[in-house]
Amino acid sequence: MGLWNKIIVSLLALFLIVSALMTLLVATEAVAPDFLPGGSYSPNGTLVQASWFQPQLEDLAAYSGPAEVTTIAISIAVAAVMLAVLVMELGAGQRAVSLLISIAGDGGLSIDEDSVRYLAERTGLSNRQVSGLRCRVEVQSRRSIAPARVIITCYPRVNLGSNIQEVRDDLSQRIKETVEGLTGLQVLRVDVARVRYDKADTAKLMGG
């Protein structure tokens, strides 16, 4: 539901920004009221069909004096506020997610989720058969009185000739022990998926 709310709010903010900019352009006479598509004129210049919102924009263009100043000020304010809302919504998914490690009388101790992912990737790369590794951290439990429980999924790239099953078992054990030992989090399991051989090694083999 959170994702849908973000999409709806972002689309609404974008619509209001466009509307405010249209109002500002017409009020300042930067564009004519019939600049939107949909309108048509006869060869002698008579209006046959009005463009989108043309009647409303013509009324807006007729404003003068205090009404014009107020309209311009409101348009700028709405565009600025909605732009801030849009930036906040788009940037919301980039905020760091904290995982609780422990809680004591002086407060809780937590670690950033991206730090856990980075630790898992660095640990996995200590296996000499692994030439590249991407990991993803999935939170299974975020209880407020106990360490967070996570599942780590890794996508390794290994050297040509490596035993995939051995690499998989080593990564699972190595990453689980390291993350639990250094962070205090509960790692339910480490899944190793989509193992691939390093393309550079494959190219060398084909070239040889």
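The values are calculated or read from the model by the stated rules, or taken from the named source; none is laboratory data. Quick caveat: nothing in here was measured; it's all calculated off a predicted structure. As a convention, Cβ positions derive from the backbone with ideal geometry for all residues, glycine included, and neighbour counts pool all protein chains shown.
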Qualifying position, being over 22 Å from ALA77 (Cβ atoms) and at pLDDT 85 or above, among ALA13, ALA20, ALA32, ALA50 | ALA32
Scan segment 19-29 and give yes if some residue there is in contact (Cβ under 8 Å) with a residue 60 or more places away in the chain and closer than 28 Å to LEU90 by Cβ, otherwise no.
-> yes
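Restricting the search to segment 11-37, which residues are of a type in the set (Phe, Trp, Tyr) and in a helix (DSSP H, G or I)? I'd like the intermediate steps shown before the answer.
Let us first name the residues in segment 11-37 that are of a type in the set (Phe, Trp, Tyr), namely 15, 35.
The answer is PHE15, and nothing else.
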Output the residue which, of all residues in segment 141-158 that are surrounded by 15 or more Cβ atoms within 10 Å (Cβ to Cβ) and more than 18 Å from VAL116 (Cβ to Cβ), is farthest from the chain's Cα centre (by Cα).
-> VAL158
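Among the residues of segment 38-69, how many are part of a helix (DSSP H, G or I) and either farther than 20 Å from MET82 by Cβ or touching a Lys or Arg at 6+ places or on another chain (Cβ under 6 Å) (or both)?
At the first step, the residues of segment 38-69 found to be part of a helix (DSSP H, G or I) are 54-61, 66-69.
Now narrow it down to the ones that are either farther than 20 Å from MET82 by Cβ or touching a Lys or Arg at 6+ places or on another chain (Cβ under 6 Å) (or both): 54-55, 58-59, 61, 66-69.
So the count comes out to 9.
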Quickly run through segment 184-195 and pick out the residues that are out of contact with any Cys (no Cβ under 6 Å at 6 or more places or on another chain) and closer than 16 Å to ARG136 by Cβ.
-> LEU185, VAL187, LEU188, ARG189, VAL190, ASP191, ALA193, ARG194, VAL195
Looking only at segment 168-184, count how many residues are surrounded by fewer than 20 Cβ atoms within 10 Å (Cβ to Cβ) and either free of Cβ contacts under 8 Å to residues at least 60 places away in the same chain or in a strand (DSSP E or B) (or both).
-> 11
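Taking the conditions exactly as written (at pLDDT 90 or above, in a helix (DSSP H, G or I), basic (Lys, Arg) and over 30 Å from SER19 (Cα atoms)), does ARG128 satisfy them or not?
Details: at pLDDT 90 or above: yes; in a helix (DSSP H, G or I): no; basic (Lys, Arg): yes; over 30 Å from SER19 (Cα atoms): yes.
No, not satisfied.
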